[in-house]
Amino acid sequence: MTVIPITLNPRPVLTATETFYNDVVRGLQAPQKYLDSKYFYDAKGDVLFQEIMQCHEYYLTGCEMEIFRTQSAKIAEALYELGEPFDIIELGAGDATKSIHLLKYLSDNDIPYTYYPIDISENVISLLEKTLPQQVPGLKMHGLNGEYFDMLQVAGQLSNRKKVLLFMGANIGNFNIPSARKFCKDLREMLLTGDMLLTGFDLKKHPQMILSAYNDTAGITRAFNFNLLERINRELNADFDISRFEHFPTYDPGTGSCKSYLISLEAHEVHIGDLTIMFSEHEALYMEISQKYSLSEIAQLAKLSGFETTHNFFDSKGWFTDCLWEC
Ligand code: AVI
């Protein structure tokens, strides 16, 4: 028998700019136009997000900071209940200003661990590697720069202890509920019995509080949204005119979905290179979801993705929770 070799065309590896272009065009050609909120975070977007976190209307950061500042001892106790040594892996570590309270507590109390911060930004990781060991004397750390799941696999090869994953900042809210479920299930599949996940959730509260957090009076959240259009102009040779759009955040207290849109104020065309995109008057461009949860919805998410809830830590106002789940 003659075996005819089949040559598969290898899939071309796309550059970051090509992937960005493909994602933007896919979103702008969809019946409900959308952009992926992960693209908010270029250098300017990072600065604007830091400013959002300082805004008095954006309560989320302060609430979670309070949990870590005042309850790190309780969190550490819950992690070390059985005296089994663990390593900490933080997804999207950023500047680690909240987790540092937990890291310090563990170090001060001679609880051994290695900290593996994961971040998509190379800058973030090199800065953490420079600054954290000065702030937490004796800290053992290994920064990992890349996508969450790829780096989680690397961390899994480097660590032979129980794993404690941190996924803070209500980042889970930037997934819609089915995607959050898939994300948690995928995380669960990478973990072993006894491993833990600590996730930050913004809780449902008075609708006006939530809406104001995404519509600050200084206009920083507005600028944060518009920066994505400007980024597309800068990086993809496009001609978005931001004066033709209005920032329009919404909150549905029934579903807990806080969604940001940019509304086209008139019918007009936008060009991205050779491509023309038509906007009609009052057409909505969907930018981001920040899903809010009730405690029972969080418990259901844990259960459906294969985790067991062990502890919920709350800020003093009861607006935010960090939930500890076990595999
Ligand atoms: C990063 N993430 C949790 C923020 C949030 O609250 O959804 C992003 C943000 N968008 C506007 N303001 C803050």
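Couple of notes before you dig in:
- Identity of the residue in region 158-184, in a helix (DSSP H, G or I) and hydrophobic (A, V, I, L, M, F, W, C), that ends up surrounded by the fewest Cβ atoms within 10 Å (Cβ to Cβ): L158
- For region 252-269, the criterion of being surrounded by 13 or more Cβ atoms within 10 Å (Cβ to Cβ), among the β-branched types (V, I, T), part of a loop (DSSP other than H, G, I, E, B) and within 16 Å of the ligand (Cβ to nearest atom) is met by at least one residue.
- One residue from I118, I89, I177 being in contact with a helix residue (DSSP H, G or I) (Cβ under 6 Å, 6 or more places away or on another chain) and within 16 Å of the ligand (Cβ to nearest atom): I118
- Test: residue in region 87-109 that is part of a strand (DSSP E or B), in contact with a Lys or Arg (Cβ under 7 Å, 6 or more places away or on another chain) and farther than 26 Å from V24 by Cβ: yes
- Qualifying residue in region 59-66 (condition: more than 16 Å from the ligand (Cβ to nearest atom), out of contact with any strand residue (DSSP E or B) (no Cβ under 6 Å at 6 or more places or on another chain) and farther than 24 Å from R188 by Cβ): yes
- Of the numbered criteria (1) within 16 Å of the ligand (Cβ to nearest atom); (2) over 19 Å from L102 (Cα atoms); (3) touching a Gly at 6+ places or on another chain (Cβ under 8 Å), the one M168 fails is (2).
- Taken as a whole, the condition of being within 16 Å of the ligand (Cβ to nearest atom), touching a Ser or Thr at 6+ places or on another chain (Cβ under 8 Å) and at pLDDT 95 or above applies to L211.
- Scan of region 218-249 for residues that are assigned to a loop (DSSP other than H, G, I, E, B) and more than 16 Å from the ligand (Cβ to nearest atom), ordered by number: N237, D239, F240, D241
- A223 farther than 21 Å from W319 by Cα, among the small types (G, A, S) and within 21 Å of the chain's Cα centre (by Cα): yes
- Test: residue in region 275-294 that is touching a helix residue (DSSP H, G or I) at 6+ places or on another chain (Cβ under 8 Å), farther than 29 Å from E18 by Cβ, more than 16 Å from the ligand (Cβ to nearest atom) and not hydrophobic (A, V, I, L, M, F, W, C): no
- The lone exception for L127 - which of (1) in contact with an Asp or Glu (Cβ under 9 Å, 6 or more places away or on another chain); (2) surrounded by fewer than 19 Cβ atoms within 10 Å (Cβ to Cβ); (3) at pLDDT 95 or above; (4) farther than 30 Å from K303 by Cβ it fails: (3)
- Those residues of region 105-133 which are free of Cβ contacts under 8 Å to residues at least 60 places away in the same chain and of a type in the set (G, A, S), in sequence order: S107, S126
- Sub-8 Å Cβ pairs linking a first residue in region 185-211 that is assigned to a helix (DSSP H, G or I) to a second residue that is hydroxyl-bearing (S, T, Y) and modelled with pLDDT of 95 or more, at least 6 apart or interchain, are K185/S305; L187/S305; R188/S305; P207/Y251; M209/Y59; I210/Y251; L211/T250; L211/Y251, ordered by first then second residue.
- Pair list, Cβ under 8 Å, 6 or more apart: region 223-240 residue without any contact (Cβ under 8 Å) to a residue 12 or more places away in the chain and closer than 13 Å to F20 by Cα, other residue part of a loop (DSSP other than H, G, I, E, B) and charged (D, E, K, R): N233/D239
- In region 12-55, the residues that are in contact (Cβ under 8 Å) with a residue 24 or more places away in the chain and part of a loop (DSSP other than H, G, I, E, B): Q29, Q32, K33, L35, Y41, D42, C55
The values are calculated or read from the model by the stated rules, or taken from the named source; none is laboratory data. Predicted model only: the values in this text are computed from it and were never measured. A quick note on method: Cβ atoms are made from the backbone with ideal geometry, for glycine too, and the neighbour counts reach across all protein chains shown.
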